[in-house]
1. Given a cut-off of 19 Å, name the pairs among K197/K296; K368/K414; K109/K465 whose C-alpha atoms lie farther apart than that in the structure shown.
2. What does the charge count near P312 come to, summing +1 for each Lys or Arg and -1 for each Asp or Glu among other residues with Cβ under 10 Å from its Cβ?
3. Counting Lys +1, Arg +1, Asp -1, Glu -1, what net charge surrounds F536 among other residues with beta carbon under 13 Å of its beta carbon?
4. Could you pull out every residue, at least 5 positions away or on a different chain, whose amide H is within less than 5 Å of the one on I389? Hs are placed 1.01 Å off N in the peptide plane, and Pro or chain starts have none.
5. How large is the dipole of the stretch 379-493 about the Cα centre if only Lys and Arg carry +1 and Asp and Glu carry -1, each at its Cβ, rounded to the nearest 20 debye?
6. Scan around T86 for amide H atoms under 5 Å from its own, H built in the peptide plane at 1.01 Å from N, and keep only partners 5 or more places away or cross-chain.
7. So for V81, V445, V189, what's the accessible-area order with a 1.4 Å probe, most first?
8. Write down the accessible area per residue of the stretch 271-350 in Å², having rolled a 1.4 Å probe over the full set of protein chains.
Amino acid sequence: MVHYLIKMPFAYMKEIMENFQAFCNQTSLHGWQYITQKPENNGFWAGFKHVFWSVIVCVAMGCAAIFLYTNTIDFMNATVVTTVDTMTVPLSEVFFPSVLVCNINQVRKSFFSELGIYDNETFIRQVYTDFILGKSNQTYEVENYQASARKRAVHEQIMKEYLAKHNETLETKQSITWFTHQQCHDMHVLSKWNGTKTYSFEIEREFGTDYGICCWYTPQLNFTEIKVKSEEDGLEEPHWGEWFMNVTKGAKTGKDNGYTMLFDIESFDYSYYDEGSEGLKLALVHHLDMPIMRQKGFHIAPGTENQIAVTPTLMYTSDEALRRFSAEQRDCYTEDEIALRYLPHEHGYRYEMSNCLFEAAFENILSKCKCAPGFHTIGGETAMEEYEICMGANLTCMNDHLNRMGEFDHVDYKGKKVKCRSSCEDQVNSLFVTTSNYPNRKTLVYREEFCIITRRLLDKCMSYKKEPLEHQYPSICTLLQPLRSLEFCVDNVWRPPKELNCTSQNCPVTDVILDYAKDNLVMFNIFIKDPYAKRFMKDEKITKTAYIANSGGLLGLCMGFSLVSAAEILYHCMFGLFSPLCCRKKRVRDYKNQAVKLRSCSREDLEKGILTSNGTRRKDEYGGLIQNPHETACQLHNGSTSMNHHSGNESSFFRSSGGGVSGCLGGGGGGSNSIDSTYQAELRNGNCPAHSYYPRLPKQDSTTFTFSEERVI
């Protein structure tokens, strides 16, 4: 037993080599079977064949490792890619855009007329500089306390006087721009949506922007319903956030299914402002966005009709990309990942890139200019509670930051600066605008707009607008005065009274109204151009499935590797490498029990023809070993066994390099094949020379390992 334990490492190595041979012969990996394949001829080329295929297999494994590493690095670095998902998204998935209309003039002359300072140009310029525009083209510095306090006192006094004339009081901080701009109800003439015309709104939503105070129109909202609901709830101002969050999707194509609006820009009421032109500044935006008019607004000139064709494009991020990547990796935010402090959801805002840029500029104004922009009252109330309204030098600082909007791209979120990114789900509208002259002097008198404008001019002649109106159109109010007591429009059809003495060739009243309409009216039709929309999807650049497929293809190209190959490797490792270790104790115990039962080789073994005269197994005429189902192994003189029970192969515990197994007839176990007479005599008497019950270690040279033709595990 001691001798066997000494030889166990060699036996285990032999097991490993035979298991490796079995793996090479049975695996589906390419080229491995050639490594251990028994050569047909011995010599140099036989050894070269093994070396050649070993090198080929190693090179293939190296290439596979390099390709797999590169593919893995690409997979880890790849984030998202934007591709066209479909070109035929139904318009039921599209929001019709909201319309923001700003008069280019943000300071009306009639405002100063109401204050009784219409002719005081010096004071008007000072008010305009300190409270509306700021000190343009000058470096701004923080004003001293006395100068700032004096301007705030003037600002507050002006607003109190204006509100007193309208029987109102100043309850909260407000910028003077909320009173100087063109009022929405003064500009809006009519609108048409889904076949329904609206001549006036129950609620006018005046909205503060970076450009000034503008008019907000969302055609999907029923303003009459909003007013009734607000009165029932006892609200002075509707809860706009609730209404805007519930705007439904859906649009139709074509001009007749669009939104038509007619505006009166009141060019006669223009005063000082930064723009040198006249008309409207228009922007089409998502109903949950803060419009940046200095970037998205475009001008519409008076005396024109404009066709604004909208092409919506949807942006979408797949669920797989949202789950796998962080906001930084996919470069977009969901509504749950970020919230804007001054554009909160409860006030009807969403997260979007332009909203984030506005928030960043707003935060920089608060920190650098030490004041709050007075136009941002829906969402910016908390800032106004902490800071004073921007005016004077601070107003110049504010305007400078608003003009640089886009340079600031980080906002405060949960105590840290977060970079502005696009929204993971968005709708972008592309516009195409065409223009024609409007109105036609020959046909306007037959349209309802003529009657509407005539009534509006009569109202202006009775208000604070009369002075600037007659300054632009002398005697217009005098010509229109007789119409107050006459019936001139029936069902919005112009019927000139006989008292006006109008003829088909000459009618002063008609001419002055046509002149005013040509100078001030502007119409635009907003509609969806195509019956379908495009949708772009932001998805994984390399999906997990694609990574596995690429890796499998590269491994298959280099090695013929597959999932079955992986199972083969696992199988052979488990049963080929570890089974000899796990079964070693059992095998030693089996061999020990077998050695105890051994008997000595006798004469009968020779007489039965199982053993030859030198103690080896006899072969039959075909070269096979003689089988004897009833045979029992006997122990030879040198301590090795002559045969295994029910076995057809020669066996011994150890194989000597001296050429064969020595039997009990051999000369003392020295490996000689000659027959010694002494041993023959003992054998004839039925005896065998003294031996041990346990195998003994014969004298032998160093142990060598050779590959058998095939081993099946």
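1. K197/K296; K368/K414
2. +1
3. Charge balance near F536 sits at -1.
4. A372
5. With only Lys, Arg, Asp and Glu charged at Cβ, the dipole is about 440 debye.
6. Amide H neighbours of T86, under 5 Å, 5+ apart: R535.
7. V81, V445, V189
8. Per residue, the stretch 271-350 has 40 Å² of solvent-accessible surface.
The values are calculated or read from the model by the stated rules, or taken from the named source; none is laboratory data. Please read these numbers as outputs of a predicted model, since none were measured by experiment. All Cβ positions, glycine included, derive from the backbone under ideal geometry; neighbour counts span all protein chains shown. Note: accessible area is taken over every heavy atom of the protein model, side chains too, but ligands, DNA and RNA are not part of it. Shrake-Rupley method; radii C 1.70, N 1.55, O 1.52, S 1.80 Å.
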